[in-house]
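The values are calculated or read from the model by the stated rules, or taken from the named source; none is laboratory data. Note that the structure is predicted; figures quoted are calculated from it, not measured. Cβ placement follows ideal geometry from the backbone for every residue including glycine, while neighbour counts extend to all protein chains displayed. Each accessible area value is taken on the protein alone, full model and side chains, heavy atoms only, with ligands, DNA and RNA left out. Shrake-Rupley method; radii C 1.70, N 1.55, O 1.52, S 1.80 Å.
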Amino acid sequence: MSVHSSVDGSGAPARRPVTIHDLARHKADGDRFIMVTAADASAAALLDDSGVPIILVGDSLAMVALGYDSTIPITLDEMLHHTRAVSRGARHALVVGDLPFGSYQDGPSQALASATRMLKEAHANAVKLEGGGPMIEVTAHLVRAGIPVMSHLGLTPQSMNQTGGFRVQARERADADRLVEDAVALAEAGAFAIVLECVPNEVGRRVTDAVDVPTIGIGAGPHTDAQVLVWHDMLGLTTGRLPRFVKQYADLRAEIGSAIKTFAAEVADGEYPAAEHTYGD
Ligand code: KIV
């Protein structure tokens, strides 16, 4: 996969910002890619420097960064604040701002007002919203207004009070068929990508085959066009039990804990600050 499009004075390929059209091309070319969440500018800059094509300012930040019990309480203003920070840190990646619970469920007009704020005030390139059914018309309305929409089907944490918590979705044939129909309708309404969360592998495969836009899986098996993980989960910063689908690629909690203990011990021993850390007498 390449996000390089031109050559600068040094002869090295220059990166240009990722667009939704690049993502469509990756699906057509069979290039698998990743999306990672971020909640602040430093995380965004690290992801951007690593060449990650999409940064999602997911409302999971309510739980992993802000200490809420679920994603329900986070407000649009809080999401705008974090998305603004991520947009400042990302120079090339496509920044997707999650619309939080209560900011779009009232219908197309409310969704358009919230999504417009996400683009104008927080400089996101696109928005994400959960669900099919009534969200198909909402998606069409936003896309007609020029706002790229990423859909989210399967486990939709904003509906956890209705769906009964964090559990695998669409195990029954009828539920899987309905999910595939929703995905096709959302893609026809103009969604540029579809997140699939916590569904059996076969459902991930069926949706991926049924739509032209990239599917981005999280607990949706190996057949989706892309995979997404939450920054705090994949880097070992989350406390408590992790869902089965998370792979921890680093253990930063242990690294940070050990760094803090070393700092405390060196201060207690008078080892820090040493001469090179001071401005002299
Ligand atoms: O909020 C989030 O982080 C998400 C991902 C799990 C896709 O929606």
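Assorted remarks:
- Here each label is just a point 7 Å from Cα along the line to Cβ, and for residue 159 and residue 110 those points are 1.6 nm apart.
- Accessible surface of the chain [probe 1.4 Å, protein heavy atoms]: carbon and sulfur percent: 52 percent
- Rounded to the nearest 500, the helix-only mean residue ellipticity at 222 nm of the chain stands at -12000 deg cm²/dmol, with each DSSP H run of n ≥ 4 adding -39,500 (n - 2.57).
- Sequence-distant contacts, meaning Cα pairs under 8 Å at least 6 residues apart, place the relative contact order of the chain at 14 percent.
- Selected from 51, 270, 240 as most flexible by GNM, with the chain as the system and alpha-carbon contacts under 10 Å: 270
- In the elastic network of the chain, a GNM with C-alpha springs shorter than 10 Å, the most mobile of 144, 88, 244 is 244.
- Summarised as an ellipsoid, the stretch 222-281 has semi-axes of 39, 13, 6 Å, derived from the eigenvalues of the Cα gyration tensor scaled by 5 and square-rooted, with the largest first.
- Within a Gaussian network of the chain (alpha carbon springs, distance under 10 Å), most fluctuating of 109, 159, 258: 258
- Taking all protein chains as they are arranged and a probe of 1.4 Å, the heavy atoms of residue 263 leave approximately 110 Å² accessible to solvent.
- Euclidean distance between Cα centres, the stretch 120-167 to the stretch 42-82, Å: 15 Å
- In straight-distance terms, cross-link reach from residue 27 covers every one of the lysines whose alpha-carbon lies under 22 Å from its own, apart from those fewer than eight places away in the same chain; here that gives 128.
- FRET efficiency estimate (nearest 0.05) - Cβ-Cβ, residue 278 to residue 72, R0 41 angstrom: 0.25
- Taking the Cα centre of the chain as origin and assigning +1 to Lys and Arg Cβ atoms and -1 to Asp and Glu Cβ atoms, the resulting dipole is close to 560 debye.
- Shape category assigned to the stretch 4-250 from the gyration tensor of Cα positions, a/c cut at 1.5: rounded
- Percent RCO, i.e. relative contact order, over the stretch 21-114, from Cα pairs under 8 Å lying at least 6 residues apart: 30 percent
- Residue-normalised accessible area of the chain, expressed per residue, 1.4 Å probe, Å²: 50 Å²
- Axis of helix 173-189 versus longest Cα principal axis of the chain: the two differ by about 80°, to the nearest ten degrees.
- Formal net charge of residues neighbouring residue 39 (Cβ-Cβ distance under 14 Å; K, R +1; D, E -1): -3
- Principal-axis tilt of helix 76-89 within the chain, Cα atoms, nearest 10 degrees: 60 degrees
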